[in-house]
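See structure below.
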Amino acid sequence: MTSAAGADADGERRNVSDAAGVAVLGACAVWSLVTAAVHGGRPEGVLLAVLAVAAGYAAGRIGGVLLPVAAPGAAALTGLVMTVAVPRLAPGPEIAAPLGHAGATAAVLTLSAGAACCAARATPVPLLRLALTLLACGVVVAGAVLGSTTAVVTCGAVLLCSLVAGRMRHRGPALGALALATALVTGLTWAVAANALPAGLAASLEDQLTHRRVDLWRDALRLARGDTGLGVGPGRFGELSATAAQSTLSDGKPHSAPLQLAAEQGVVGVLLLAAAFCWVLFALWRAPRPTPVVLTAGATLTAVAALAAVGNALSFTTVSVGAGLLAGLATARPLADEPAPVSPAEAGRERPRDRPAV
């Protein structure tokens with residue numbers, strides 16, 4: 001039974017992380033309005049993304065309290081069915097799939113795999129854990145069937161991290177490593193846009209990323225350098241990018257969340273995006289859920305952050321809601337205390353409860 005002091009400490013931790021989340025998301029919304037007022041931009045996209053994350057996070061907290069295993073399992077199954085039934089995730093009617101389509105599909109499948117693994121780590125029933133793990137494996141297969149190599153890689157990485165997380169007892173260093181991985185991917189994206197890599201490596205990455213995507217990144221960096229403080233205004237990249245103007249299939253975005261915020265909202269927008277991700281990791285670090293559940297969710301959200309750094313995943317409301325939902329599920333405190341994972345060897349060494357000590 002949890003002591004009163006322990007319950008008060010848990011409540012204080014949740015209050016601190018929740019207050020930080022409200023402050024960060026509120027600052028993101030306010031700054032988009034400020035930059036839009038200065039440059040006449042359109043902040044609706046940013047406001048919708050903030051609202052989607054907040055709504056998903058609230059729903060995840062509620063579901064995690066009432067149904068700590070069933071809620072993430074249902075979320076995983078829903079994401080899988082939705083992706084298979086509607087494989088063309090697009091924000092509007094498109095004649096051909098935009099550059100962000102592959103990233104959005106991979107992001108939804110990654111979130112589905114992560115939710116299934118979180119549910120598997122949360123249940124003490126071996127048969128149910130096996131079924132949920134097989135569901136995560138099914139998500140990987142679905143990515144292969146849909147032809148999304150990125151989804152296969154990210155979902156496989158989440159599944160592997162979940163297996164490793166089951167043997168870890170300390171979450172702080174692991175969450176720090178996830179933050180470092182996200183920073184490295186973002187830095188690599190920035191280096192490609194600035195043409196700061198060696199010629200051979202730059203040419204190889206450009207072939208993988210496509211020349212058009214790299215040209216969009218360079219346009220975004222050019223606009224960011226033009227107005228470092230405020231950017232050009234939210235939603236105005238498509239008007240000012242030469243690469244976007246030359247394409248009939250352009251959606252007006254640079255297909256990189258950090259570079260888009262740098263171009264449209266300046267350095268403050270980039271810092272707020274970094275603060276939002278750090279808040280999620282902070283909330284996971286202080287979450288009362290078992291460490292394997294927390295680290296699995298952290299690995300999943302890191303994979304989504306990497307997809308957002310090199311693609312247009314966060315422009316899709318489904319991805320924003322799913323990311324907030326998984327974060328809420330992993331930071332909720334269930335009504336019943338969850339048993340800590342015990343290895344078979346440790347279980348065999350435990351003294352039977354009905355036998356008195358000598």
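May I ask you to say which residue of LEU273, LEU216, LEU249 is outside any loop (DSSP other than H, G, I, E, B) and either open to solvent by less than 40 Å² (accessible area, probe 1.4 Å) or modelled with pLDDT under 90 (or both)?
Details: LEU273 fails: either open to solvent by less than 40 Å² (accessible area, probe 1.4 Å) or modelled with pLDDT under 90 (or both); LEU249 fails: outside any loop (DSSP other than H, G, I, E, B).
Answer to the selection: LEU216.
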Test GLN260 against the criterion of being part of a helix (DSSP H, G or I), in contact (Cβ under 8 Å) with a residue 40 or more places away in the chain and open to solvent by 30 Å² or more (accessible area, probe 1.4 Å), and give yes or no. yes
List the helices (runs of 4 or more DSSP H) inside the stretch 114-208, counting only whole elements, that have at least 3 residues being under 16 Å from the mean Cα position of the chain (by Cα) and of a type in the set (Gly, Ala, Ser). 149-165, 172-193
Answer yes or no: is there a residue in the stretch 165-174 that is over 30 Å from VAL270 (Cβ atoms) and aliphatic (A, V, I, L, M). yes
Of the numbered conditions (1) without any contact (Cβ under 8 Å) to a residue 60 or more places away in the chain; (2) over 11 Å from LEU329 (Cα atoms), GLY79 satisfies every one except a single condition; which is it? (1)
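Select, from VAL304, VAL319, VAL310, VAL293, the only residue that is closer than 15 Å to ALA165 by Cα and touching a Leu at 6+ places or on another chain (Cβ under 9 Å).
Working: VAL304 fails: closer than 15 Å to ALA165 by Cα; VAL319 fails: closer than 15 Å to ALA165 by Cα; VAL310 fails: closer than 15 Å to ALA165 by Cα.
Only one candidate qualifies: VAL293.
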Residues of the stretch 219-241 being outside any loop (DSSP other than H, G, I, E, B) and more than 24 Å from LEU188 (Cβ to Cβ), which ones? GLY238, GLU239, LEU240
The stretch 285-298, subset closer than 13 Å to ASN15 by Cα and either surrounded by fewer than 24 Cβ atoms within 10 Å (Cβ to Cβ) or basic (Lys, Arg) (or both), residue nearest to the chain's Cα centre (by Cα): ARG286
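Here's a check for you: in the stretch 86-106, which residue that is more than 15 Å from VAL141 (Cα to Cα) and in a helix (DSSP H, G or I) is modelled with the highest pLDDT?
ALA104
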Please work out which residue is farthest from PHE237 (Cα to Cα), limiting yourself to the stretch 48-67 and to residues that are surrounded by fewer than 17 Cβ atoms within 10 Å (Cβ to Cβ) and over 16 Å from the mean Cα position of the chain (by Cα). LEU66
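If you check ARG42, ARG14, which single one turns out to be assigned to a helix (DSSP H, G or I), at pLDDT below 95 and of a type in the set (Lys, Arg)? Write out each step before concluding.
Numbers: ARG42 fails: assigned to a helix (DSSP H, G or I).
Result of the check over ARG42, ARG14: ARG14.
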Being more than 23 Å from LEU329 (Cα to Cα), modelled with pLDDT of 95 or more and of a type outside the set (Val, Ile, Thr), is that true of even one residue in the stretch 48-59? no
Residue by residue through the stretch 286-305, note down the ones that are of a type in the set (A, V, I, L, M, F, W, C) and modelled with pLDDT under 95. ALA287
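The values are calculated or read from the model by the stated rules, or taken from the named source; none is laboratory data. Everything quoted here is computed from the prediction, not taken from an experiment. Note that each Cβ is placed from the backbone with ideal geometry, even for glycine, and that neighbours are counted across all protein chains shown. To get the accessible areas, we keep the full protein, side chains included, count just its heavy atoms, and leave off ligands, DNA and RNA. Shrake-Rupley method; radii C 1.70, N 1.55, O 1.52, S 1.80 Å.
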